[in-house]
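The values are calculated or read from the model by the stated rules, or taken from the named source; none is laboratory data. Only a predicted model underlies this, so the values are computations on that prediction, with no experimental measurement involved. Reconstructed Cβ throughout: ideal geometry from the backbone, glycine too, with neighbour counts over all protein chains shown. Heads up: the accessible areas ignore ligands, DNA and RNA and are worked out on the full protein's heavy atoms, side chains in. Shrake-Rupley method; radii C 1.70, N 1.55, O 1.52, S 1.80 Å.
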Amino acid sequence: MKSRFGNFFIDYSILSTIIALVVIGLLCLYSATSGNNQPVLKTDFGKQIIWSLAGFLVFLFFLFIPLKVLSQSSYILYGI
């Protein structure tokens, strides 16, 4: 199901699938490393949460860039 958000379309089925996969991965990682007595952000689970949030922010950043701008700068972006 697509929904119009300003000038952009958001496909909520893909977005919910991505979020579900990230949550399942975090739960698996937490269950594998839950025996540590370290602070949460020092464990692999905490680091994965930080990287998941950073990836989601990058996703949101590219979501709001018009497709024409992305297609014009695609060679530069692929080179980075």
Would you be able to tell me the number of residues in the stretch 43-80 that are outside any helix (DSSP H, G or I), polar (S, T, N, Q) and closer than 22 Å to F9 by Cα? 1
Under 6 Å between Cβ atoms, at least 6 apart or on separate chains: pull out the pairs that start in the stretch 55-71 with a residue that is at negative phi and end on any residue that is open to solvent by 70 Å² or more (accessible area, probe 1.4 Å) and modelled with pLDDT of 80 or more. none
Checked the stretch 9-26 for anything outside any helix (DSSP H, G or I) and surrounded by 13 or more Cβ atoms within 10 Å (Cβ to Cβ); matches are I10
Among the listed residues S52, S74, identify the single one that is in contact with a Gly (Cβ under 9 Å, 6 or more places away or on another chain), polar (S, T, N, Q), surrounded by 10 or more Cβ atoms within 10 Å (Cβ to Cβ) and at pLDDT 85 or above. S52
